[in-house]
Amino acid sequence: GPKVLQIPSHQIIDMGQMVTLNCDPVSNHLYFYWYKQILGQQMEFLVNFYNGKVMEKSKLFKDQFSVERPDGSYFTLKIQPTALEDSAVYFCASSLGTGGHAEQFFGPGTRLTVL
Amino acid sequence: GDSVTQTEGLVTLTKGLPVMLNCTYQTTYSPFLFWYVQHLNEAPKLLLKSSTDNKRTEHQGFYATLHKSSSSFHLQKSSVQLSDSALYFCALSLSSGSWQLIFGSGTQLTVMP
């Protein structure tokens with residue numbers, strides 16, 4: 001079936017550095033999402049993106065976070081600067097449409113460790 | 001606010017036994033409910049979805065019925081297999097704005113031989 005890829009699978013960085021998480025969504029999908037999962041807790045919505053713009057973001061989407069998808073390439077989540085509390089697994093998802101029955105396809109996640 | 005509750009964190013069963021994983025939700029909107037399954041080191045994959053009250057939905061031997069009266073969407077299977085060992089998430093789609101998913105905390109199902 002359709003697959004979402006995430007690069008890298010693991011990233012370890014020092015606090016204060018910048019990190020970019022990359023997502024290769026399903027090729028014909030139009031809606032893109034990032035979710036954050038802290039160890040032992042549930043996955044939480046960060047942001048979604050459509051037609052080059054952020055549609056909605058949660059309170060977890062701090063000012064240090066940004067997303068973009070330049071020229072239909074990777075959908076990226078950038079954190080600058082990083083903080084210890086940013087350590088988590090970040091899941092990217094994409095969907096063809098929107099609405100309650102639109103299936104979101106997830107990537108395997110990027111495990112980010114901030115030291 | 002909107003939320004999803006999964007009461008079991010860990011469920012361990014012997015192969016061939018039935019299983020029910022609980023999911024209840026709270027929302028002021030019309031509910032769309034999902035079950036996702038995540039095997040070790042893989043991406044979460046959609047297992048089931050429903051928005052129709054009192055209608056059973058099935059896939060790969062798993063089934064669930066959305067009951068709006070009790071705000072529940074429990075996942076069941078009549079006979080678990082070793083390959084069913086995975087993390088199961090219940091999720092609610094908010095029927096407004098971004099259609100973001102609200103996830104439960106997940107239930108780790110382990111099936112023993």
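The values are calculated or read from the model by the stated rules, or taken from the named source; none is laboratory data. All values reported here derive from a predicted model rather than from experimental measurement. Using ideal geometry, Cβ is built from the backbone for each residue, glycine included, and neighbour counts are taken over all protein chains shown.
Points worth noting:
- Residue within segment A:31-38 that is within 16 Å of A:SER73 (Cα to Cα) and outside any strand (DSSP E or B) present: no
- Each residue in segment B:8-25 was checked for being exposed (fewer than 14 other Cβ atoms within 10 Å of the Cβ) and modelled with pLDDT under 95, and 1 pass.
To keep it simple, each residue is scored yes or no on (1) among the basic types (Lys, Arg); (2) within 14 Å of another protein chain (Cβ to nearest Cβ); (3) within 24 Å of B:TYR88 (Cβ to Cβ).
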position	(1), (2), (3)
A:ILE7	no, yes, no
A:CYS23	no, yes, yes
A:LEU46	no, yes, yes
A:PHE49	no, yes, no
A:PRO70	no, no, no
A:LEU77	no, no, no
A:SER87	no, no, no
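- Residue within segment B:48-57 that is within 10 Å of chain A (Cβ to nearest Cβ), modelled with pLDDT of 95 or more and outside any strand (DSSP E or B) present: no
- Total residues in segment B:69-88, condition within 14 Å of chain A (Cβ to nearest Cβ) and touching a Pro at 6+ places or on another chain (Cβ under 9 Å): 2
- Restricting attention to segment A:89-104, the residues that are at pLDDT 95 or above and within 10 Å of chain B (Cβ to nearest Cβ) add up to 3.
- When B:ALA91, B:ALA64 are screened for being within 11 Å of chain A (Cβ to nearest Cβ), within 10 Å of the chain's Cα centre (by Cα) and either of a type in the set (Asp, Glu) or within 14 Å of B:GLN6 (Cβ to Cβ) (or both), only B:ALA91 passes.
- Checked against (1) free of Cβ contacts under 8 Å to residues at least 24 places away in the same chain; (2) outside any strand (DSSP E or B), A:GLU56 meets all criteria but (2).
- Within segment A:27-44, the set of residues being more than 9 Å from chain B (Cβ to nearest Cβ) and buried (at least 18 other Cβ atoms within 10 Å of the Cβ) comprises A:HIS29, A:PHE32, A:TRP34, A:LYS36.
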